[in-house]
1. Mind checking which pairs have a first residue in region 403-416 that is under 16 Å from Ala496 (Cα atoms) and β-branched (Val, Ile, Thr) and a second that is crowded, with 17+ Cβ neighbours inside 10 Å and modelled with pLDDT under 90, Cβ under 9 Å, 6 or more apart or different chains?
2. Which numbered condition in (1) under 19 Å from Glu251 (Cα atoms); (2) in contact with a helix residue (DSSP H, G or I) (Cβ under 8 Å, 6 or more places away or on another chain); (3) open to solvent by less than 90 Å² (accessible area, probe 1.4 Å) is the only one that Phe198 fails?
3. Would you list the strands (runs of 3 or more DSSP E) that sit entirely within region 5-95 and hold 2 or more residues that are under 29 Å from Lys576 (Cα atoms) and small (Gly, Ala, Ser)?
4. Does region 347-361 hold any residues that are closer than 26 Å to Ala418 by Cα and surrounded by fewer than 21 Cβ atoms within 10 Å (Cβ to Cβ), and which are they?
5. Among the listed residues Val332, Val325, which satisfies the condition of being in contact (Cβ under 8 Å) with a residue 40 or more places away in the chain, touching a His at 6+ places or on another chain (Cβ under 7 Å) and not acidic (Asp, Glu)?
6. Please find, among Ile385, Ile342, the residue that is open to solvent by less than 50 Å² (accessible area, probe 1.4 Å), at pLDDT below 95, outside any helix (DSSP H, G or I) and within 22 Å of Arg509 (Cα to Cα).
7. Determine whether region 515-534 contains at least one residue that is surrounded by fewer than 17 Cβ atoms within 10 Å (Cβ to Cβ), closer than 25 Å to His424 by Cα and at pLDDT 90 or above.
8. Restricting to region 296-329, name every residue that is among the β-branched types (Val, Ile, Thr) and open to solvent by 50 Å² or more (accessible area, probe 1.4 Å).
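The values are calculated or read from the model by the stated rules, or taken from the named source; none is laboratory data. Note that this is a predicted model, so its numbers are computed, not measured. Backbone-built Cβ (ideal geometry, glycine too); neighbour counts: all protein chains shown. Side chains included, ligands, DNA and RNA excluded: accessible areas come from the protein's heavy atoms. Shrake-Rupley method; radii C 1.70, N 1.55, O 1.52, S 1.80 Å.
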Amino acid sequence: MNYLDHPPFDVLNSDERTKLEKHSQIVYLDEGQSVPSQWQGDFFVIIKGALKQFLADELIAGLSVSDWFNTTTKNGETYNFITSEQSLLYRINGNALNDIADQNPTLKKLLYADLASRRELQNVRHAHYESQQLLHQSIESLGHHIKPAHFVASTATLLEATIAMNEVHAKHVLVKGDKVGMFTQADVCHAVGDGADFDTSVLPYTNFNLSTIHVKQDLSEALLIMLERKIHRLPIVDDHGDIVGVLGQTELLNFLTNHSQLIVAKIEQASSLESLGMAVDMIGKYIRNSVQTGVKTHVISRTVQSLNAQVFAKAWSLIAPQSVVDNTCLFVMGSEGRGEQIMRTDQDNALIIKDGFYDANLAEYAQRFNDALAQFGYPYCDGHIMLNNELWRKPLSAFKDQVLSWYQHADESMIWLATLLDAHFVAGDKDLFDELMAYTMDAKNHAAANFINRFAKAILQFGDGSHFWQKFTGSANHDVDLKKAGIFPIVHGVRALALEYGITVTSTRARLDELEKQSVLDQKTTLNLKEALDFFLTKRLLVALATTDKSARKVNPNQLSALERDLLKESLAVAKDFKGFVTRHYRLDVFGV
């Protein structure tokens, strides 16, 4: 039976497969037919056709080929499944499957665990697969990780070879004579240890027994050679046998794991907006490499937030005079402030000016800053939430007055307040930032009546969510808007609760941790909300990396693997349940939709 070759059954051993085959059969259901009640407790995989899944009378999901299901919820409730068309199913004896799952924890987790556990397992599988793919890239794909080849003549002395290393800031040089050898910092130490005269030839301390690797060979070959021969550097040769660069073990491991420190160095060294742009380009490559090596999305996003903040701070210091930097505070907001904007979707930034400070060119500096970021690939904000807008470039006291006005009028300005609540310091006088944010939290005590309810009501702006479930029709090609169906309800619901309970951290994950500490949410809900948000952000990132759709908001369930569809359904269910919790908590049914 070929269904045993696919997830989740690809984790079975041969004995388990044989046993499962003996307890499986193919069954047929006509269009519009329910799964018979006498099949309750069994497990099903769809071979052909499509079904709709109901809990009571509510449509939960649509299922198509390769999807699996059982007929009871984790709480013991019974689902009703009705075919949308003629369907063939594998029917697996529930007792036999449970016996096997008890012996195979991985299968049990894939089939029955909660969202967090299933996502963890999926991430491990994904990381293993992507790491394998990464190791099969060619050496030339390493780009800037390859060090240039620097040569000295075979007539060079120890002193000349050492000076050459220092001049190119390298830990080695190549010695070129009849053969090519390598002289390293370790060889310098050997010479010193021997008491050698540094006017003598470099040749006795040069290694001419070099291993090399061709520029077209795989990274896995380079890694194996380094490990087997216990060497740290490999000269790279082209088709003519000429050395075109040197691959170091550190650079290779940086490429395979994380090279954020290299980007930080590039940002720090940038002396112009042009050179800073080169560092920004490296952030995109870092994101792609991190995804390929299976780094969790929330880890990538916080790293990218830190790198972006350093880019923004550097750009501001290159544009504005030091007196302006010292008497202002630059900060970012929205998803960038929460550390949840991985791809460059838009700018959300602002500037606080120290009361009494004046510079006639501030508006010009602000415009140049936003233009520079746009040149780097951070699009202008459609809502004009940028420091070139006077609404977002004010003295501290004027900013406070504006914030108080937003609380007291509770109108369309609530979107601005929501954006400000996610603020994250970037550069300048941090005291200005801390004072404004402290005031923003305190000012809610002077808010208009029922402000928090109306603030939370935005969670319903994209409808009640049921239409997203309608799109899970199995056979139909409908996109699910990840932002509307999953990300926004979680982010804004958590943001409203954080405001109510005086929580000042800005990332959604950190807010969830604080809400759990204050017993507003239980541990299981907190964990599942984190995993659901991470799943939505991950899918959005993968869409952005694979397509030209920069908004990267939509995904077609029918183009996902069965495992991913299962996780999408579970994540949407988590978002929907949380939306219901927020609706009840703030009595949004009373305050209207």
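1. Ile415/Ala458
2. Status for Phe198: all satisfied but (1).
3. Numbers: elements: 24-29, 43-48, 51-55, 58-63, 68-70, 79-83, 87-92.
Correct list: 58-63.
4. Residues of region 347-361 closer than 26 Å to Ala418 by Cα: 347-355.
Correct list: Lys354, Asp355.
5. Residue meeting the stated conditions: Val332.
6. Numbers: Ile385 fails: within 22 Å of Arg509 (Cα to Cα).
It is Ile342.
7. Within region 515-534, the first condition is being surrounded by fewer than 17 Cβ atoms within 10 Å (Cβ to Cβ), and the residues that meet it are 517-519, 522-524.
Checking the rest, the ones that are also closer than 25 Å to His424 by Cα come to 517-518.
Retained after the next criterion (residues that are at pLDDT 90 or above): 517-518.
Checking region 515-534: at least one residue is surrounded by fewer than 17 Cβ atoms within 10 Å (Cβ to Cβ), closer than 25 Å to His424 by Cα and at pLDDT 90 or above.
8. Quick first cut of region 296-329, residues among the β-branched types (Val, Ile, Thr) only: 297, 299-300, 303-304, 311, 319, 324-325, 328.
If the condition is that a residue be among the β-branched types (Val, Ile, Thr) and open to solvent by 50 Å² or more (accessible area, probe 1.4 Å), then Val299 is the only one that fits.
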